[in-house]
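One structure below.
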Amino acid sequence: MIDTIPQSPFADVFKADARQFRADVVRGLSAPKKELPCKYFYDEVGSALFEQITELDEYYPTRTELAIMERHAAEMAGLLGPRCLLIEYGSGSSVKTRRLLDHLRDPAGYVPIDVSADYLHSSAQALGEEYPDLEVQPLCADFTRPLGLPMCRKRAARRVVYFPGSTLGNFTPEAALALLRRTAGLCGRGGGLLLGIDMRKDPRVIEAAYNDRRGVTAAFNRNILARINRELGADFDVEQFAHRAFYNADQGRIEMHLVSRREQVVRVGGVQFFFTKGESIHTENSHKYTFLGLADLAVACGFATERVWEDERGYFCVVYLTVRRSRKDGVLPGWAGRRAFPPAHEAIPVTL
Ligand code: AVJ
């Protein structure tokens with residue numbers, strides 16, 4: 001599919017992407033415990049399915065975060081201050097960002113970063129039309145890799161990364177640490193990070209969010225196999241893999257798997273992969289945080305916690321972290337007196 005547009009100036013980039021995709025798939029399926037990187041969920045079909053997920057009754061994170069943004073955007077914008085350069089990781093359609101942009105004073109610019117070029121440019125254009133005074137500089141890149149920022153005309157007073165959607169939850173604790181450390185470097189002195197994170201709560205609430213009655217999450221999960229078929233010419237019999245999502249209390253995370261319904265062989269390019277009945281492909285982790293866990297992570301990455309906003313149920317939180325000037329600077333304020341959230345295995349009864 002990708003090779004049908006060789007005239008495109010991006011052809012080499014696309015080919016490199018396809019090679020990377022194939023290499024990642026082959027590596028993941030060759031591992032003793034088969035796995036696939038969750039970033040590959042988001043092709044056009046997958047992105048549309050995720051949009052549907054955000055509207056499901058069971059899937060609370062998106063609407064909870066949006067409500068926090070709506071309620072506190074003015075205060076957040078005040079903390080970010082005038083002339084801030086806003087950088088967004090995994091911008092998608094920038095719905096939550098608009099809440100912030102509505103209140104920011106004289107922003108120096110907005111740099112949405114996303115791997116999906118089409119989506120990025122169309123939503124950047126729409127945003128530019130809605131906010132004519134805002135300089136929008138979309139950056140098509142993988143924010144987990146070192147980034148060069150585009151130039152903006154206005155001089156920025158500070159750089160702030162907006163990282164909503166609990167996407168950080170998809171990273172292992174080690175990878176989250178590395179990403180936030182690099183982010184502190186990107187923002188530099190006086191810079192900040194506005195981070196949206198899904199919190200630990202009654203595992204039944206979490207599990208329901210990833211096992212919706214309409215099966216949209218199951219379709220989203222299986223789409224990764226359909227995508228491998230489409231783009232790498234593989235022959236997955238998609239229906240022969242069952243969607244499974246469960247809360248792993250030890251790790252404090254939701255795990256999504258695709259479980260082989262029978263013994264089967266799948267070909268990806270020239271490579272064969274054998275599945276036993278019941279064997280799983282681990283497709284996603286979605287880590288849920290505690291306040292203490294977040295505070296620890298922030299400190300370890302060179303950030304001080306300035307402010308925390310949460311919804312009334314404590315399901316989701318948005319934290320504003322600023323880059324510390326020195327090791328000791330700002331480690332405690334904001335956290336003094338904060339009680340740790342109950343551990344994951346202490347189920348708090350909540351009615352759905
Ligand atoms: C967008 C990565 C935060 O982990 O909840 C939704 C993705 N996976 N349902 C999440 C997702 C299954 C979502 N994130």
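What the table below lists for this structure:
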quantity: Residue among 267, 261, 182 that alone is surrounded by fewer than 18 Cβ atoms within 10 Å (Cβ to Cβ), free of Cβ contacts under 8 Å to residues at least 60 places away in the same chain and within 30 Å of residue 84 (Cβ to Cβ); calculated: 182
quantity: So residue 159, is it part of a strand (DSSP E or B), within 28 Å of residue 88 (Cα to Cα) and of a type in the set (D, E, K, R); calculated: yes
quantity: Residue identified as within 16 Å of the ligand (Cβ to nearest atom) and modelled with pLDDT of 90 or more among 168, 177; calculated: 168
quantity: Any pair with Cβ under 7 angstrom, 6 or more apart, that starts in region 152-177 at a residue that is in contact (Cβ under 8 Å) with a residue 60 or more places away in the chain and ends at one that is within 11 Å of the ligand (Cβ to nearest atom) and assigned to a loop (DSSP other than H, G, I, E, B); calculated: 165/90; 167/90; 169/288
quantity: Options 314, 278, 293; residue that is among the small types (Gly, Ala, Ser), without any contact (Cβ under 8 Å) to a residue 60 or more places away in the chain, outside any strand (DSSP E or B) and farther than 20 Å from residue 183 by Cβ; calculated: 278
quantity: Single unsatisfied condition, residue 300 versus (1) under 19 Å from residue 224 (Cβ atoms); (2) surrounded by fewer than 18 Cβ atoms within 10 Å (Cβ to Cβ); (3) of a type in the set (A, V, I, L, M, F, W, C); calculated: (1)
quantity: Residues located in region 33-71, provided they are more than 13 Å from the ligand (Cβ to nearest atom) and basic (Lys, Arg); calculated: 33, 34, 71
quantity: Scope region 271-318; condition of a type in the set (Ser, Thr, Tyr) and touching a His at 6+ places or on another chain (Cβ under 9 Å); matching residues; calculated: 280, 283
quantity: Selection status of residue 74, surrounded by fewer than 17 Cβ atoms within 10 Å (Cβ to Cβ), over 19 Å from residue 166 (Cα atoms), under 17 Å from the mean Cα position of the chain (by Cα) and away from the ligand (no atom under 16 Å from the Cβ); calculated: no
quantity: Flag if residue 291 is modelled with pLDDT under 95, crowded, with 17+ Cβ neighbours inside 10 Å, in contact with a strand residue (DSSP E or B) (Cβ under 8 Å, 6 or more places away or on another chain) and not aliphatic (A, V, I, L, M); calculated: yes
quantity: Filter result (in contact with a helix residue (DSSP H, G or I) (Cβ under 7 Å, 6 or more places away or on another chain) and of a type in the set (Ser, Thr, Tyr)) within region 43-88; calculated: 47, 54, 59, 60
quantity: Only one of 245, 226, 234 that is farther than 19 Å from residue 299 by Cβ, within 14 Å of the ligand (Cβ to nearest atom) and either surrounded by fewer than 17 Cβ atoms within 10 Å (Cβ to Cβ) or modelled with pLDDT of 95 or more (or both); calculated: 245
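The values are calculated or read from the model by the stated rules, or taken from the named source; none is laboratory data. Quantities reported herein were computed from a predicted structural model and do not represent experimental measurements. Glycine also receives a Cβ, built like all others from the backbone with ideal geometry; neighbour counts cover every protein chain displayed.
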